[in-house]
Amino acid sequence: MRANPSLYDRMTPWVLLCALLCCYPLSQAIPPAWVWENGIVEEGDVLVLSIGWAWAVASWLRDRPAPAALLARSVMPLWVLLIGREMSWGAVLFAPDRMTAAGPVFTSHHLWYRPFVTPLLAALLAWSAWSAWRCRLDRQLYAVLARGRFPWMALLVVLAAALGSSCAEEHVHACLVTLPGQRFEELAELVGYVALVAVQARVLAECRTRTATLAPAATAPVH
């Protein structure tokens, strides 16, 4: 049975899309210092990503051993990876290496533990993939798709934000428009991360709803 989406569910993707579209005019208005590395917007990135990680942890602790908990456990390493990337693996906690016209520059190359970061992340991601495969979490995602409740619009905002950020950094040479550099890049990343949290929230909620729906049928007495 397909549940009717709430007003919140219907409005959230459109709000995210409007926020992404607003990144262009807003990038023309905000001070450049706001988008410097370790600046206000990047701190917002870390905050949003931390919320996504905390949401996954809370879901894991609350719902285990249900499928929603296993899915939350599998995505936790992804949030850690994104947080580490935004914080230059901890380099932003120290003094910048140098100052430029585009703001401070932080690098993780001088950190004593930097050689261990990549192997550790690879191990975490491998464990995450193995856990998802072992628990057959693809069935949970397929169930969300079959019910027509997968947050496609929010996911498209994530992908559009990633593409816009890459174009602003000039990492994609086939972009149709010229975007205003670092300011648009950071704002688009922030919106993309918020959209990613929304995707996680919706998928976990749908998995939780499916489990609650199946539980009475599984425990019903047989006559």
Could you please tell me which pairs satisfy a Cβ distance under 7 Å, a separation of 6+ or placement on different chains, a first residue in region 102-113 that is in contact (Cβ under 8 Å) with a residue 40 or more places away in the chain, and a second residue that is part of a loop (DSSP other than H, G, I, E, B) and open to solvent by less than 20 Å² (accessible area, probe 1.4 Å)?
103/39
With 40, 30 as the choices, which residue is out of contact with any Lys or Arg (no Cβ under 8 Å at 6 or more places or on another chain) and of a type in the set (Val, Ile, Thr)?
40
Looking at 64, 85, 73, which one is under 30 Å from residue 140 (Cα atoms), in contact with a Ser or Thr (Cβ under 7 Å, 6 or more places away or on another chain) and open to solvent by 40 Å² or more (accessible area, probe 1.4 Å)?
73
Test residue 53 against the stated conditions and say whether it is open to solvent by 80 Å² or more (accessible area, probe 1.4 Å), touching a residue at least 24 places away in the same chain (Cβ under 8 Å) and touching a Phe, Trp or Tyr at 6+ places or on another chain (Cβ under 8 Å).
yes
Considering only residues of region 27-50 that are charged (D, E, K, R), under 17 Å from the mean Cα position of the chain (by Cα) and open to solvent by less than 50 Å² (accessible area, probe 1.4 Å), which is farthest from residue 123 (Cα to Cα)?
42
In contact with a helix residue (DSSP H, G or I) (Cβ under 7 Å, 6 or more places away or on another chain), of a type in the set (D, E, K, R) and farther than 22 Å from residue 193 by Cβ: is that true of residue 62 in this structure?
no
Looking across region 145-161 at residues that are loosely packed, with under 15 Cβ neighbours inside 10 Å and either aliphatic (A, V, I, L, M) or at pLDDT 85 or above (or both), the single one that is farthest from residue 186 (Cα to Cα) is 146
Mind listing whichever residues of region 140-150 are more than 16 Å from residue 200 (Cα to Cα) and assigned to a helix (DSSP H, G or I)?
146
Quick one: residue 171 ticks every box in (1) at pLDDT 85 or above; (2) more than 23 Å from residue 71 (Cβ to Cβ); (3) not in a helix (DSSP H, G or I) bar one, so which box is it?
(1)
Just checking, does region 10-26 include any residue being open to solvent by less than 60 Å² (accessible area, probe 1.4 Å) and more than 20 Å from the chain's Cα centre (by Cα)?
no
Tell me whether region 12-25 contains one or more residues that are at negative phi, at pLDDT below 85 and hydroxyl-bearing (Ser, Thr, Tyr).
yes
Which pairs have Cβ atoms under 9 Å, sit 6 or more apart or on different chains, and link a residue in region 124-150 that is over 16 Å from residue 74 (Cβ atoms) to one that is at pLDDT below 85 and exposed (fewer than 12 other Cβ atoms within 10 Å of the Cβ)?
147/1; 147/2; 148/2; 149/2
Matching residues, region 62-91, being of a type outside the set (Asp, Glu), under 21 Å from residue 165 (Cα atoms) and part of a helix (DSSP H, G or I)
78, 79, 80, 81, 82, 83, 84, 85, 88, 89
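The values are calculated or read from the model by the stated rules, or taken from the named source; none is laboratory data. As the structure is a prediction and not an experimental result, all values here were calculated from the model. As a convention, Cβ positions derive from the backbone with ideal geometry for all residues, glycine included, and neighbour counts pool all protein chains shown. Each accessible area value is taken on the protein alone, full model and side chains, heavy atoms only, with ligands, DNA and RNA left out. Shrake-Rupley method; radii C 1.70, N 1.55, O 1.52, S 1.80 Å.
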